[in-house]
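Student: Sharing a structure below in structure tokens format, with a few things to ask.
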Amino acid sequence: MFQNACQTEALSLALLEDVGQGDITTAATIPDKHRSKAVLLAKSEGIVAGLRVARLILSSWSEPLKLSLNKKDGESVKAGEVIGEISGKTAHLLVVERTLLNLLQRMSGIATKTAAFVRAVEGTTAHILDTRKTAPALRYFDKEAVRIGGGHNHRFGLYDMVLIKDNHIDASGGIGIAIERAKAYLKQKSLKAKIEVEVRTLEELREAIAHKPHIILIDNFSVSELRKAVDLARQLNPNIKLEASGGVTLKSVRKIAETGVDFISVGELTHSVTAMDISMKIQPIKS
């Protein structure tokens, strides 16, 4: 319910941001009863994402716009292919055009980038994770696009996982203290959440393993250091999941995956989005 409410609010604010008190250009030039169809055309290659969100936007009118699709979320598309068509009142099409395209292009760009990372680690045990480095108010859509691209979602926010990072460790007085406080807090509040802790050295890794968190985040290690960390962790407690992070790129992700980590978190999936090029061309319907 919370996530659905956030998505609905985000879409409402996105439309309000663009429309404000009204689309004065459309109001001035387009008769209210005028009807059209709009073609969604891919102008670059990639993975389509955001069509579920598009339906939500198009259904927000008292007279909903009709969406007919040639593609589904997660399917590949080539430049020149028609993704789908939208039909209805021309004024409504023009009002939603930019908001609709912004989300489709962004989500498709994220899905396309995620798919590339997923392909790069095929055959290893590693899963690609996103981060919280998302556009403000668009996190649910950014993370949905990651799933569509074949990746996995890390925590959605500060509320669904305990993630003890370097600042928490330094402020609380150490890794062991922070983990035990987290366990006590979850028990006191009757909360079920996984505990993950970041380590910066092999010494911190040893200490973290001794306190049995669910996941250990191995941050900014070189590949050779990461291999040593994985070997050490597997010897001391093979059940603890290991996540690698820090400056991961398409060029480096395969070598990181081959060290044997369970997860690789990639901020680039959402913080440096290259939007897919998608156009919307409106064609009047002859009466």
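Any read-out appearing in this document is the output of simple, stated calculations on the displayed coordinates, not a laboratory observation. Keep in mind that this is a model prediction, so the values were computed, not measured. FYI the Cβ positions are ideal-geometry reconstructions off the backbone, even for glycines, and counts take in every protein chain you see.
Student: Expressed as an acute angle from 0 to 90° and rounded to the nearest 10, what is the orientation of the C-alpha long axis of helix 223-236 relative to the principal long axis of the chain?
Tutor: 60
Student: Just want the ordering: 185, 140, 159, from fewest to most Cβ atoms lying within 10 Å of their own Cβ.
Tutor: 159, 185, 140
Student: So, one more: Expressed as a whole number of Å, what is the distance separating the alpha-carbon centroids of the stretch 180-254 and the stretch 1-80?
Tutor: Between the Cα centre of the stretch 1-80 and that of the stretch 180-254, the gap is 41 Å.
Student: What area, in nm² and to one decimal, does the C-alpha convex hull of the stretch 157-211 cast on average over all directions?
Tutor: 3.7
Student: OK, next. Using alpha-carbon pairs under 8 Å, 6+ residues apart, how would you state the relative contact order of the stretch 118-271 in percent?
Tutor: Here the relative contact order equals 29 percent.
Student: Can I ask one more? Name the most mobile residue of 68, 190, 76, meaning the one with the largest mean-square fluctuation, in a Gaussian network model of the chain with Cα contacts below 10 Å.
Tutor: Residue with maximal mean-square fluctuation among 68, 190, 76: 190.
Student: While we're looking at this one, here's another question. If you only keep lysine pairs separated by 8 or more in sequence, or across chains, how many in the stretch 112-233 come under 12 Å at the Cα atoms?
Tutor: For the stretch 112-233, qualifying lysine pairs total 5.
Student: Normalised by the residues of the chain, what does the relative contact order come to in percent, with Cα pairs under 8 Å and at least six apart?
Tutor: Computed value for the chain: 23 percent relative contact order.
Student: If each residue's Cβ is checked for other Cβ atoms within 10 Å, how do 172, 59 rank with the fewest at the top?
Tutor: 59, 172
Student: So, one more: Kirkwood hydrodynamic radius, the stretch 118-271, all distinct C-alpha pairs: what's the number in Å?
Tutor: Across the stretch 118-271, the inverse of the average 1/r is 16.0 Å.
Student: Further question: Report, largest value first, the span of the C-alpha coordinates of the chain along each principal axis, in whole Å.
Tutor: Computed over the Cα atoms, the extents are 74, 41, 24 Å.
Student: Separate question: If you average 1/r over every pair of different alpha-carbon atoms in the stretch 1-96 and take one over that average, what Kirkwood value in Å do you get?
Tutor: So the Kirkwood estimate lands at 14.8 Å.
Student: Moving to a separate point now. How far is it, in nm, from the label point at residue 19 to the one at residue 235 when both lie 7 Å from their Cα along the line to the Cβ?
Tutor: It works out to 6.4 nm between the two label points.
Student: Using the alpha-carbon centroid of each, what span in Å lies between the stretch 85-117 and the stretch 159-173?
Tutor: 37
Student: With a 10 Å cut-off between alpha carbons and a GNM built on the chain, which of 258, 243, 144 moves the most?
Tutor: In the Gaussian network model the winner is 258.
Student: For residue 39 and residue 191, calculate 0.36 nm times their separation in residues minus their Cα-Cα distance, and state this gained length in nm to one decimal.
Tutor: So the extension gain works out to 49.9 nm.
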